[in-house]
Every structure is written in C-alpha cells, then in structure tokens.
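Here is the structure we will look at.
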Amino acid sequence: MIDRATVDKIMDAVNIVDVVGEFVNLRKSGVNYKGLCPFHDDKTPSFMVSPARQICKCFSCGEGGNAINFLMKHEQITYPEALRWLAKKYNIEIQERELSDDEKREQSERESMFVVNEWACDYFHNILKNDVDGMAIGKQYFRSRGVRDDIIEKFKLGFALTKRDALVNEARRKGYKDEYLIKTGLCVENEHGVYDRFAGRAIFPWLNVSGKVVAFGGRKLDAATKGVQQKYVNSPDSEIYHKERELYGIYQAKKAIVKDDCVYMVEGYTDVIAMHQCGLENVVANSGTALSNYQIRLLHRFTSNIVLLYDGDAAGIHAAMRGTDMLLQEGMNVKVLLLPDGDDPDSFSRKHTAQEFKEYIEQHQTDFIEFKTDLMLRDVKDPIKRAEAINNIVRSVSVIPDPVVRATYIKECSRRLDVNETTLISQTNKYIAGEQEEQRRIADREQSRQQDNTSAPEPMGMHTSLEQTTAVERLLVQNIIRHGDEIIFENLETEDGGTVNLNVAQYIDFDLGSDNLTFSDERYNRILREAVEHSADANFKADQYFMQHPDPEMSQLAAQLGIDSHQLSQSFVVKESQSLLRQRVQHLILDFRYDIISQHLKDLQKQLKEVGSDMERIKAVMEDYKQTQELRNELAKKRGSEVII
C-alpha cells in the first residue's frame, strides 16, 4: 500500500510532458505540446499536453487525464503500478512491505508473466556474464561479432545453458510456477514434462516501448546452425506479447528517433545491435515478419520519416516492397536504401564509422517512387508489363492521405514515367474511389451486423429526453469542475439574520437538494459532493483538485469534461464575470429541472396507455399529469421559451 504523502510527493515531482514524451513524439504548440494520439488511429496530431495544468487530452477520441491516467491507459497497468512507474522515473523511494507468497499468487496473470520474464532476462544475462559455459560459449559468440560489453548491458543480452531443464529447475527453486513459464513461452510442455525453449542459444530480450520484457529471441550457436531451419527461435504470442505489435529495439531507440526525427527499419536483432554500436541508435527491427499497422502507428508517434534499410539481395528487395504502401497509407515519408550485395546492416556497420554510415545513407537512400520505378521498370520493354508496373506505382501514390503530397508525387511520376499527368490523376482518382467504396461496404456490413445484434430501441421521445438530460448534467458538472470554487452569490441573508456567500458548487447543491434531485450518473454526484465538502478548504481550486484527483477515474473524467481545445490553448485563463457565470449556472439548473419534468410527463403518457379501464388510476395519473404540465410551463417561461398546450 502506498501512503497518501508518498502519492503527493510523486505527483509534485511529475512533469507530464516528460511522461507522455516517453511514448509520443511531442512538438511545441504555443504554450502546450501536441502529437499523434496513442489511443486511436490518429493521422493528424490531436493529442494535446498542457504542462501548466499537468494534463493531456485527445480532442478527437476524448481520452485524457493526468500522468497516472495516461500510464494506466497506455501501459494497461493498475493505479499502484502507475505510481511505482513514476516513482522509479523520478527517483522517489516507496516503502512497501514484501508481498507474501499468498499475495504473489493472487496477482494478475499478466503481471505474473511480466515478473517471470524480468526474472528470466536477469537469469540469462547473469549466465552470460558469470557462468563458465555462458562466458565460454555465449559471450564468445557476441565477442566474435564484435559486440562490446556496454552494448551487451544496453540490450540485456544473455545465454541459455544447453541443459534442457536448467531454467525450469532454477525457476522452480525461486518459487515461479510452471504455468507462467509455459504461458510466457520460456518453457515448452509435452508428454515427457516441462523443458527450456531456448536451451543452448544466445538470448535477445524483447523490451516494449516502456522497457518491460515481453519476449525473447534465441539464436542457435553450435556447428549445426548451418543449414538448419531453426537458427532463431522466438517466444510465441501470449497475453503480454503479440509479435505484430512489437518492434525489436524500440525502447533503446525511441529517444534517438525523436532527436533525429527519423527511424531506420532493419530486419534482425544483430542489425539493430551493430548499428547501435556504430553510433546509429534510431533503429528498430521487425525481425522477419511482415510490417503491421500496429508497428507503423507505434513508430509514427515518434517520427513521420522512415528509411527502410535492407540487404541488396532478393529477400531485402521483397522486404522493402511489402511494407511501402502501408507506410504511405499511415502518412509516413518513406525512403529506401539497399546495401551493396553481400552486406547487411550488421556487416556494413562493422566496416564503417557512424559518420561514414550516415553519409552513405544520405547519398544512397532513394525516395520510394524512385526506388519502385527503377525496380519495376528496369529492362521492361513489353508495353503491357510496363502499363502494369505504372499502375502498381500509381496505386501506391493513391494511398497517400495528404492531397498535397499526393499531387506532388503524381507530378514526379509524370516526369519519371513520361506519362501525361492528367492520365495519372484520373487513374489515381479511380483507385481512391474504389478504396472508398470498399470502406463503405465494410462499414455497411458492420452496421448491419450491429443492428442484428441490438435489441429493440426505446421509444424515440424517451431516448431523446434522456440524451438531453445527460447533456445538461454534463454541462452542470463541467461548471463544477471549472468554476466550482468561484463565488456567484455574495452576502445572502440566512434565516438567523446572518449572511453567507455561495460558490458554484454550493449553489448547485443547495438548489437541487431543495427538491432531493440528483444526477443520473453517480460519478457526477460524487464530484458535486466533494466540491461542496472542500469549499471551506483554504486555497481550494476545483479544477486543480479534480484534475489531480487521487482516484484515476475522477481525474480522467475531470480532464474529459473540464478542458476544451480553446482553454488548453490559452497561456492564461480569462476569468468570467460573476454575473455571467451566475446566469449560466441558473439557466443550466432550469434546463436540468425542465428535462426531468419533461421526462416525467412522457412516463405519465406511457402509464395512461397501459393503465387499462381502472378509472381511479386514470384519474390519479391525469391529476399528476396536469400538475406536472403546469410546473413545466412555469419553468418554460423562466427559460424564456413557449410551450404550446
């Protein structure tokens, strides 16, 4: 359990720009920062971070909150885990008792898997550094590839002993269950028992973007490596690892990617490691799998510029080709560099300094149009095949989302391909229209499926009224969060002859409480209740209180309701006049009461249809309806509207 004083200490130390910047490439925008939202498929930066208010919010999907909310959502971790993450980042000591064996067993499966992976990473690393076989076999392998000790530490490289039950026996001795050794993929179970997946292999741990160990890759080292199909063995997909969502080296590379505003994409582990050792740190690998949208969006948070850096052989060309259109579709600027025959990034970097490597990249990287044109039209004489190649290139251009960039590429294609620009524009538009039509069909199928799975809706009138009531509630709570501490009534006389001042929260509570009215959302009632309770506190500021609320649900809700794009763009807050604020709050309360009464009238109308021939019941409902209608009309006059009876 983390005490409140420690929580306050952590929150005082937090800089939300630093925290979000660990996962999103942020650019200065006035007094704030902005970047691509990590919580939805964001093509243009809509995720804003306010250092002054210490909150973030996406003005497209609505996600946001303080640093804790961000970490909980992004890393899929609990509130205490987010606090520990922040405490570690800001070197704040947390005194916590050691969990008992029973409590360890009760931890979530996901957390248990992370714990086991972290232990295994340290185990493999320690074997490499301190075990006789680890040093003689594993370390010798890395030495043979010229890997320095600092790089071994940076990537937590390791070695698995050749004995097939070495890891599983040590894990059991440490108290780790076979269940999690199998679920993480560290071990395999068959009819003969549980044995190590990576025995006798050099170990490459996979760290996700926040530095957690999610998986491992293992390379076979003995003489049998030549010609075998399983030179590399990787962790299988699990609860914490999906290969298409991860990139090898992303944790070690993310700061360099932001600094250089560019990322190099290579194929394998050793390519990444060799380039880091050479001094080029903005490099990641997808390790032989087809590039996925998840991986592209992960990279796009840090940069829009990518260089595909592959071998010059057929496999390297194929790897460069297969991901190009997906990168373009996500708004990335794509360049391609194929190294000289016989070289891969690993071997090339060991022959050159970082400066020489950078200069080679600058001089030899080509734009994707130039690369694809040269590749597909080289030595092509047949008109039909040439037309097919040109169509393939134009299709790639058509997926670019930015119309200006797309038009620029069309002009460049026209020049390079010696094809009329109007013809290329026409063909591009056909591809775009075809894709839009396909997306419409997919959307229609999805909508039809949802309708089939949805029960009959409520009557339209009731549904509309409930929506309106919710909207008014949100506006009232929004004013409590933004202005709850601001006085709107001064020197009001009390029954005992004294006077009292009422702020926004107190007035709303007083007015609604006089008729025992409450909000339909219990979270809103809690916000009102806490605002009133803390109104007497010295220096109470409603917006600060709720934005930094210790309950992550409250702080996230406050960020969603309390901040709009205009407010977040202001370097200072222009305080609204007392009279205007009072008028708005009073009008919203009238709207709230009016909606409740309107809903009650609809309920009474429904009762009249269902009451049957019970005259006493009909009379009672009619009387209630008449009184409620009169009350509604009085409220309508106060609201400045007319009701036709």
**Report entry** Single residue of F519, F510 found to be among the aromatic types (F, W, Y) and either over 30 Å from K602 (Cα atoms) or open to solvent by 30 Å² or more (accessible area, probe 1.4 Å) (or both)
**Finding:** F510
Query raised in the report: Residue check, Q140 against (1) out of contact with any Leu (no Cβ under 6 Å at 6 or more places or on another chain); (2) within 20 Å of Q252 (Cα to Cα); (3) part of a helix (DSSP H, G or I), all met but one. Which one?
Result: (2)
Requested in this report: Tell me, please, whether a residue that is hydroxyl-bearing (S, T, Y), at pLDDT below 90, touching a helix residue (DSSP H, G or I) at 6+ places or on another chain (Cβ under 9 Å) and open to solvent by 40 Å² or more (accessible area, probe 1.4 Å) can be found in the stretch 343-353.
Outcome: yes
Query raised in the report: Is one or more of the residues making up the stretch 591-611 polar (S, T, N, Q) and either under 30 Å from E490 (Cα atoms) or within 43 Å of the chain's Cα centre (by Cα) (or both)?
Result: yes
Report task. Mind listing just one residue for me: the one in the stretch 471-492 that is part of a helix (DSSP H, G or I) and farther than 14 Å from L528 by Cα and, of those, most open to solvent (accessible area, probe 1.4 Å)? Result -> A471
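Taking the stretch 73-84, which residues are under 16 Å from V214 (Cβ atoms) and surrounded by 19 or more Cβ atoms within 10 Å (Cβ to Cβ)?
Within the stretch 73-84, H74, I77 meet the criteria.
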Query raised in the report: How do the pairs read when you match residues in the stretch 378-396 that are without any contact (Cβ under 8 Å) to a residue 60 or more places away in the chain with residues anywhere that are of a type in the set (K, R) and open to solvent by less than 100 Å² (accessible area, probe 1.4 Å), using Cβ under 7 Å and keeping only pairs 6 or more apart or on different chains?
Result: V380/R386; I393/K372
Requested in this report: Would you check which residues across the stretch 518-550 are within 25 Å of S579 (Cβ to Cβ) and of a type in the set (A, V, I, L, M) and list them?
Outcome: I527, L528, A531, V532, A536, A542
Requested in this report: Being part of a strand (DSSP E or B) and of a type outside the set (A, V, I, L, M, F, W, C) is the filter here, so list the residues in the stretch 48-96 that pass it.
Outcome: S50, K57, G64, G65
Query - Restricting the stretch 568-593 to residues that are at pLDDT 85 or above and in contact with a Lys or Arg (Cβ under 8 Å, 6 or more places away or on another chain), the residue that is most open to solvent (accessible area, probe 1.4 Å) - result: H587
Query raised in the report: Taking only pairs six or more apart or across chains, which ones have beta-carbon atoms under 7 Å, a first residue in the stretch 147-168 that is of a type in the set (A, V, I, L, M, F, W, C), and a second residue that is open to solvent by 60 Å² or more (accessible area, probe 1.4 Å) and outside any loop (DSSP other than H, G, I, E, B)?
Result: F159/I137; L161/D133; V168/Y195
Query raised in the report: For the stretch 349-357, does any single residue satisfy the condition of being without any contact (Cβ under 8 Å) to a residue 60 or more places away in the chain and hydrophobic (A, V, I, L, M, F, W, C)?
Result: no
Query raised in the report: Got at least one residue in the stretch 122-135 being within 23 Å of Y241 (Cβ to Cβ) and surrounded by fewer than 19 Cβ atoms within 10 Å (Cβ to Cβ)?
Result: yes
Requested in this report: Please indicate, with yes or no, whether at least one residue in the stretch 153-168 is within 26 Å of G279 (Cα to Cα), in a helix (DSSP H, G or I) and either within 36 Å of the chain's Cα centre (by Cα) or at pLDDT 90 or above (or both).
Outcome: yes
Query raised in the report: Out of (1) surrounded by fewer than 17 Cβ atoms within 10 Å (Cβ to Cβ); (2) at pLDDT below 90, what's the single condition that is false for T423?
Result: (2)
Report task. May I ask you to list the residues in the stretch 373-391 that are touching a helix residue (DSSP H, G or I) at 6+ places or on another chain (Cβ under 8 Å), open to solvent by less than 60 Å² (accessible area, probe 1.4 Å) and assigned to a helix (DSSP H, G or I)? Result -> T373, L375, M376, L377, A389, I390, N391
Query raised in the report: (1) among the small types (G, A, S); (2) open to solvent by 10 Å² or more (accessible area, probe 1.4 Å); (3) out of contact with any strand residue (DSSP E or B) (no Cβ under 7 Å at 6 or more places or on another chain): which one isn't true of A171, the others all being true?
Result: (2)
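The values are calculated or read from the model by the stated rules, or taken from the named source; none is laboratory data. A quick note: this is a predicted structure, and the numbers were derived from the prediction, not measured. Cβ sites come from the backbone with ideal geometry, for glycine too, and all protein chains shown count toward neighbours. These area figures cover heavy atoms from the full protein model, side chains too; ligands, DNA and RNA do not enter into them. Shrake-Rupley method; radii C 1.70, N 1.55, O 1.52, S 1.80 Å.
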